[in-house]
Amino acid sequence: MNGTGTTARWTLFGLLLAVNVVSNLTLKGTWLEIPVSVLTGLGVVAVVLDHLLRGRRRER
């Protein structure tokens, strides 16, 4: 079960990061670039915090 959660976490991380990079390249200079970057950036931070807080607790 632990492996499935870890895989899903890093898959979500990769997807959010990819969306952030692609949107920054394609929406450069538009008003839509800011909210997309903020939302995906917050998602990436949330996944990393989840790993640091919950993931490490599970390993102990």
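The values are calculated or read from the model by the stated rules, or taken from the named source; none is laboratory data. Because the structure is predicted, anything quoted here is derived from the model rather than measured. Glycine also receives a Cβ, built like all others from the backbone with ideal geometry; neighbour counts cover every protein chain displayed.
Just to be sure before I move on: is Gly14 in a helix (DSSP H, G or I), surrounded by 12 or more Cβ atoms within 10 Å (Cβ to Cβ) and at pLDDT below 90 in the structure I sent? Taking the combined requirement at face value, the residue does not satisfy it. Scanning the range 24-47 for residues that are in a helix (DSSP H, G or I) and surrounded by 13 or more Cβ atoms within 10 Å (Cβ to Cβ) returns Asn24, Glu33, Val36, Ser37, Leu39, Thr40, Gly41, Gly43, Val44, Ala46, Val47.
Pairs please, first residue from the range 4-24 and in contact (Cβ under 8 Å) with a residue 40 or more places away in the chain, second anywhere and hydrophobic (A, V, I, L, M, F, W, C) and surrounded by 12 or more Cβ atoms within 10 Å (Cβ to Cβ), Cβ atoms under 8 Å, 6+ apart in sequence or on different chains. Qualifying pairs under 8 Å: Arg9/Val47.
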